[in-house]
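Before any comments, here is the structure.
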Amino acid sequence: MLRWPIVSYQTHTCLGARYCGDGNTQHNLDTRKAQALTRFYQLLDLWKDPDVNISLKISLYRSLVISKFSYGHEAWLLDAKTLQFVNGFNSKCLSLITGRSIRDEAVNPTFDLKQHLRSARLRLLGHILRMDTDEPLRQVIISRGVNHRTGDLYMDAPVHESIEQLTELVFDRHQWRLHVAALAGEGEYDTQPT
């Protein structure tokens, strides 16, 4: 018997990400959004300044706001609901920066945050699958085999029948980079990929 009781937490924060005991990630997304919006509204004078180049504004938006919003996005389940949430946040912010309507930014964004997150995750998957086979992170990522959930880290991986087949694909770095680049969204004022 244990001498100490096992403590159960409904929520727990680890490395800046908030986890819920029921597996719901919406609380974490809401927290990230609130933090990013605080940063966004602190810079409202900059976004509305007509003397600042739009390209510079987008670059600053990506660096100062999106970095806050997307922290830990590699672990998010990017299902349709989450992608809609991401697109809504991005389009509302971009409309204040660019002067375009929220709908225009949602349909044809100046900076496509959804595609940016997806391409960054695909790039990360390539790095993980190229790790030594005894690396714990690699072992965890491949442990599900080919039984992938909609929106998981494998969502944009090329079609594959086994992890071994996908691993062969990631070792062709040139082709993998082309696949990642093709996935990255590009808008009218998009700056260089990060």
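Restricting attention to region 73-96, report how many residues are crowded, with 17+ Cβ neighbours inside 10 Å and not in a helix (DSSP H, G or I).
Residues flagged as crowded, with 17+ Cβ neighbours inside 10 Å and not in a helix (DSSP H, G or I) within region 73-96 amount to 2.
Quick one: how many residues across region 97-110 are among the aliphatic types (A, V, I, L, M) and either open to solvent by 40 Å² or more (accessible area, probe 1.4 Å) or not in a helix (DSSP H, G or I) (or both)?
2
How do the pairs read when you match residues in region 23-46 that are within 14 Å of VAL86 (Cβ to Cβ) with residues anywhere that are open to solvent by 50 Å² or more (accessible area, probe 1.4 Å) and in a helix (DSSP H, G or I), using Cβ under 8 Å and keeping only pairs 6 or more apart or on different chains?
Qualifying pairs under 8 Å: ARG32/LYS68; ALA36/LYS68.
Residue by residue through region 122-166, note down the ones that are part of a helix (DSSP H, G or I) and open to solvent by 70 Å² or more (accessible area, probe 1.4 Å).
Once the filter is applied, which keeps residues that are part of a helix (DSSP H, G or I) and open to solvent by 70 Å² or more (accessible area, probe 1.4 Å), region 122-166 yields ARG123, HIS127, PRO136, LEU137, GLN139, VAL140, GLU164, GLN165.
Testing HIS116 on (1) under 20 Å from the mean Cα position of the chain (by Cα); (2) farther than 30 Å from ASP45 by Cα; (3) surrounded by 18 or more Cβ atoms within 10 Å (Cβ to Cβ), one condition comes back false. Which one is that?
The single condition HIS116 does not satisfy is (2).
Go through (1) in contact with a Phe, Trp or Tyr (Cβ under 6 Å, 6 or more places away or on another chain); (2) at pLDDT 95 or above for ARG32 and report which single condition fails.
Unmet condition: (2).
Let me confirm something: among ARG32, ARG123, ARG100, which residue is farther than 21 Å from VAL180 by Cα and within 12 Å of the chain's Cα centre (by Cα)?
ARG32
When residues of region 49-71 are filtered for being assigned to a loop (DSSP other than H, G, I, E, B) and either surrounded by fewer than 15 Cβ atoms within 10 Å (Cβ to Cβ) or without any contact (Cβ under 8 Å) to a residue 12 or more places away in the chain (or both), how many remain?
Here the count works out to 5.
I'd like the residue in region 167-194 that is of a type in the set (Ser, Thr, Tyr) and open to solvent by 70 Å² or more (accessible area, probe 1.4 Å) and, out of all such residues, is modelled with the lowest pLDDT.
So the residue we want is THR194.
What are the residues in region 32-80 that are out of contact with any Lys or Arg (no Cβ under 7 Å at 6 or more places or on another chain), aromatic (Phe, Trp, Tyr) and over 28 Å from ASP152 (Cβ atoms), if any?
Within region 32-80, PHE40, TYR41 qualify.
Filter region 146-166 for residues that are in contact with a Ser or Thr (Cβ under 8 Å, 6 or more places away or on another chain) and either modelled with pLDDT under 90 or small (Gly, Ala, Ser) (or both); which is farthest from GLU74 (Cα to Cα)?
Checked region 146-166; the qualifying residue farthest from GLU74 (Cα to Cα) is VAL146.
The values are calculated or read from the model by the stated rules, or taken from the named source; none is laboratory data. Bear in mind the structure is a predicted one, so any value in this text is a computation, not a measurement. So basically every Cβ, Gly included, is an ideal-geometry build from the backbone, and we count neighbours across all protein chains shown. In case anyone asks, the SASA skips ligands and DNA or RNA and just uses the protein heavy atoms, side chains included. Shrake-Rupley method; radii C 1.70, N 1.55, O 1.52, S 1.80 Å.
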